[in-house]
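These notes are about the structure you will find just below.
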Amino acid sequence: MVLSDGWEFAPDFAILGLAQGWQNGHGGAQWRPTTVPGVFNATPLASAYNGTVGWYRTTFTAPALPGVLSWALRFEEVRRTATVWLNGAMIGRGTDGYTPFTLAAPNVRPGQPNQLVVRVDNRKPTDLREGWWNWGGILRPVSLVPAGAVRISDLALLPELSCHPTCTARVRVSGTATAYGSTAVDATMAVKLTSPAGGVSQGAATLTGLAPGQSRTVNWTMSVSSPDLWSPGHAALYDGLTTVSVGGTPVQTVNQQVGLRSIRVRHGKLLLNGRELNLRGASIIEDMPGQGPALTDFDMDQIVQELQALHATVTRSHYLLNDALLDRLDRAGILVWEQAPVYHRDKQLRTAAGRAAALLTLRRTILADRRHPSVLVNSVANELSPTPDKVPGTRAYELAAAKLSRQLDPSRPVALDVLTYTGFGPQKTFKAFDALGVNTYFGWYTGKKGGHSTADLAALETYLNQTHRRYPNTAVVMTEFGAEATRHGPPSEKGSYEFQEAYLRNVLGIVSRLHFVDGAIYWTLREFAVKPDWTGGASPAVVIPSPIHHKGLISYDGAAKPAFLLAQTLFGRTPLYKGH
C-alpha cells in the first residue's frame, strides 16, 4: 500500500519542532498540502544549500487483512535523515539518504486512522563532499508493508549462465526470510518463471523450523530451460512470480521481471553473454527543474527516451537510481554502471565507524539494485585517494567492499571508479577489483601539483596504456569525461559549445584506438544543480558562477547542445560488441 495521499509539510527553520511537540502531529503554524515524493527546497538557492529541517505528516487507514501478523513502513529514499513517529510513538530513524530503509510498525491500527509524522533533516555535514545539490525531503515512495507468518525481504532472482558456446541457465534465489508470530513455522518458496515466448520454468524450496522473530538467509537455485538471454539489443524479460506459503496457505507473493544474462571479466575484458562489450553512453544525476531528484513517471520516461535518442547502451549514476527508473532501463536494454555514494570520503574512512557506515550504504545499494538485469557492475566508490596503498582507511574499505560485493551479488563484476592523474605508481589495492572505472579530465582540469598534471589531452592515451599494463586482468571503462559548455565560441575556448564538441570527438577517438577500453560514458546526459557558485572547475573559470553543472549534453531547461548531436552520431556508429 503506497502512502501517496494527504501529505502536509511544515518548515522548521528555527529547529524548534521537537521541543514544541510537532512529532505528535500538531503544532507548527505553517502546515500546508504537499506532494510525496517531493523536495522541500525545489529551487537551488545558495541560501538553502547547507540544509534545514522540515516535517511531513499524513493520516492513512490500514486495511484489515486476514493473516497479517506484523506491519512495517518502507521508505525508498529520504535525504538526509528521517525520524519517524506513528500514532505518537517514535518507531525509528533512517540515517542514509541514498538507500531504502524499513521500520517495524507494531502500533499500526488496522481498519482505523493512523497518523504518520516524519522529521526530515537535510543539514549537510561540513566535511562531506558530494557532486550534486543538497536536496531535502521524502524523495521516493513510502509504503505500508504487511507480513504474515513469514516474509521474504531483499528478494532477487540472480542469473547464473554457462555458455560453451550454447548457454544453459540457472537462477539463484536470494533473500532473507523472517518469521513472525509466536510459534516456529515451516515455509515453502515456489518460483515460476515465464519466458517472453510463454515457456515456464519452476522451482521450489522449503525453509524449516523458522523460530519466532528469526531471520534466515535464503539461497537456492533452479534450472531454466531454453534461456532467452537479456542484452541491450534484446531486452528479454521473464515474468518472475515468487509465492511464500505456510501450511499450504500463501502468505506473500512477489512479482519481478527477471533478465537472464552473464556479466563477467575475463583476461581484462568485460563480457556480456560471453561477448566483449564496446559501450557508449552518458551518466545520470536525477535532477529535474522544480523537482530535483523527486522524479515523476514522465521524468523517468523522458530520461530513458533521451538516452535512446543518444543511442546510448550504458548510463552511470553516483548513487542508487530510482527503482522505477531501473525498471525502465531494464525494459529499454540500457546497462547501468551503478555505484554506492561513497564519494571523496577518504577522511571519513579513516575511522572504523566511517568504514562501517560506507559498507552499510554499499550493502543497501546492492540489495536494492541486484534484481535488475540492466545493472552492469557494483562500483564500491568514486574518486577516493589515487594511492590507497598509502591510505590505510581507504585501502581497508576498498578491500572489504570488494569482498562484500561478491558475497551479496556474485552475478556481476565489482568495480572501483578512480580519478586519474599522471605520476602515481601502481596500486596493489586496485587488483582486488574486476573492473576500473576511469574518470578522466585530461585536457580540461590542470591536475595536481608535484608531477600530476592532466593539462594535456594528448597524455590521456599514454595514461590509459599504462593502466592496462599495470592491471592486464582488470577491465577498463572510461566512466567519466566531459567539458563545460554555455555559449558559442572558437573550439580552442573552454566553455564554448565548439570546445565541448571537439573534446568529445577527441576523447572518443582515443578510446576507439585502444582495444582494451570497453566503453566510454560521458559526464553527463543532462545538466544538474551541483553547488552554489560553481564555475566549471577549470582554471581559469570558464563560465559565470551558478549552481548548475554545465558539462551536460542537454541544458538544465532541456535544450540539446551541439555536442548531443555529435554524440548521437558517434554512439550510433559504435557497435555494441568488439570485433563488429
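The charge dipole of the stretch 275-572, taken about the Cα centre with unit charges on the Cβ atoms of Lys, Arg (+1) and Asp, Glu (-1), comes to about 1240 debye, rounded to the nearest 20. Amide H to amide H, with H built 1.01 Å from N, GLY92 comes under 5 Å of VAL84, counting only residues 5 or more places away or on other chains. Counting only DSSP beta bridges whose two residues both lie in the chain, roughly 75 percent are antiparallel. If R0 equals 51 Å, the separation of the Cβ atoms of ALA559 and THR126 corresponds to a calculated FRET efficiency of about 0.90.
If you bin all the Cα-Cα distances of the stretch 150-258 at 5 Å, starting from zero, the percentages per bin are 2, 12, 22, 22, 16, 11, 8, 5, 2, 1, 0. Using C-alpha pairs under 8 Å with a sequence gap of at least 6, the mean separation divided by the residue count of the chain gives a relative contact order of 12 percent. Peptide packing for 349-356, 486-493, 398-405 was compared via the average number of neighbouring C-beta atoms within 10 Å per residue; ordered from the highest value, the list is 398-405, 349-356, 486-493.
Each of GLU480, GLU276 has some number of other Cβ atoms within 10 Å of its Cβ, and from fewest to most they run GLU276, GLU480.
When DSSP beta bridges are restricted to pairs lying wholly in the stretch 275-572, around 20% turn out antiparallel. Label sites at PHE298 and HIS515, each approximated as a point 7 angstrom past Cα along Cα to Cβ, lie 5.0 nm apart. Taken over the chain, the convex hull of the Cα atoms encloses 153 Å³ per residue.
Note on the chain: with charges restricted to the Cβ of Lys and Arg (+1) and Asp and Glu (-1), its dipole about the Cα centre is near 1460 debye. When peptides 18-26, 426-434 are sorted by average Cβ neighbour count within 10 Å, with the highest value leading, the order is 426-434, 18-26. Among PHE516, PHE40, PHE481, the order by Cβ neighbours within 10 angstrom, fewest to most, reads PHE516, PHE40, PHE481. Amide H contacts of THR315: LEU335, VAL336, TRP337, each under 5 Å away and 5 or more positions distant or on a separate chain (H built 1.01 Å from N in the peptide plane; Pro and chain starts excluded). Estimated from helical segments only, the mean residue ellipticity of the chain at 222 nm is -5500 deg cm²/dmol, where each DSSP H run of four or more residues counts as -39500 (n - 2.57).
The base-10 log of I(q)/I(0) for the stretch 8-144, evaluated at q = 0.14 Å⁻¹, reads -0.63 [Debye formula, identical scatterers on Cα atoms, solvent excluded].
Dipole orientation for the stretch 275-572: of the candidates ALA381, LEU367, ALA402, ALA402 has the Cα lying most toward the positive pole (charges on Cβ; Lys, Arg +1; Asp, Glu -1). With Cα atoms defining each centre, the stretch 496-524 and the stretch 427-453 are spaced 16 Å apart in the structure. Listed by chain and number, the aspartates and glutamates whose alpha-carbon sits under 14 Å from that of LYS578, ignoring those within fewer than 8 places in the same chain, are GLU276, ASP518.
The number of Lys pairs in the stretch 327-451 with C-alpha atoms less than 19 Å apart, excluding pairs fewer than 8 positions apart on the same chain, is 8. With 10 Å bins beginning at zero, the pair-distance distribution over Cα atoms of the stretch 254-293 amounts to 22, 25, 29, 22, 3 %.
In order along the stretch 556-573, phi translates into HN-Hα couplings of 4, 8, x, 8, 6, 8, x, 5, 4, 5, 5, 4, 4, 5, 5, 5, x, 8 Hz, rounded to whole numbers, per the Karplus curve 6.51 cos²θ - 1.76 cosθ + 1.60 with θ = phi - 60° and x for Gly and Pro.
Rounded to the nearest 20, the size of the Cβ-charge dipole of the stretch 150-258 about its Cα centre is 120 debye, with Lys and Arg at +1 and Asp and Glu at -1. Only alpha carbons enter this Debye calculation for the stretch 275-572, each as an equal point scatterer, and the log10 of I(q)/I(0) it gives at q = 0.07, 0.08, 0.13, 0.14 Å⁻¹ is -0.24, -0.32, -0.91, -1.07. Using a cutoff of 8 angstrom between alpha carbon atoms and counting only pairs six or more residues apart, the relative contact order for the stretch 150-258 works out to 29 percent. Placing unit charges on the Cβ atoms of the charged side chains and taking the dipole of the stretch 275-572 about its Cα centre, the candidate lying farthest along the positive direction among ILE284, ALA502, SER512 is SER512.
In plain terms, the chain from GLN308 to HIS234 could stretch by 25.2 nm, reckoned as 0.36 nm per residue minus the Cα-Cα distance. Centre-to-centre, using Cα atoms only, the stretch 334-397 and the stretch 275-295 are separated by 19 Å. Note on ARG487 and THR569: their simple-model spin labels are 2.6 nm apart, each label 7 Å out from Cα toward Cβ.
Using the Cβ-Cβ distance between VAL200 and ARG505 with R0 set to 51 Å, the FRET efficiency from 1/(1 + (r/R0)^6) comes to roughly 0.55. The stretch 27-83 and the stretch 533-553 have Cα centres spaced 33 Å apart. Counting only residues at least eight positions apart within a chain, or on another chain, the lysines with an alpha carbon under 18 Å from that of LYS531 are LYS124, LYS551.
Charges on Cβ only, +1 for Lys and Arg, -1 for Asp and Glu, centred on the Cα centroid of the chain; of PRO575, ASN273, VAL39, which one is farthest towards the dipole's positive end? Highest projection toward the positive end goes to ASN273.
Extension gain for ASN50 to LEU16 (0.36 nm times residue separation, less C-alpha to C-alpha distance): 10.5 nm. Couplings 3J(HN,Hα) of the stretch 383-391, computed from phi: 6, 7, 4, x, 10, x, 4, 9, 10 Hz, in residue order, whole Hz [Karplus 6.51 cos²θ - 1.76 cosθ + 1.60, θ = phi - 60°; x for Gly and Pro].
Every read-out reported here was derived from the displayed coordinates using simple, explicitly stated rules and does not represent laboratory data. Nothing here was measured: the structure is a model prediction, and the numbers come from that model. Cβ coordinates were reconstructed from backbone atoms using ideal geometry, including for glycine residues, and neighbour counts include every protein chain displayed.
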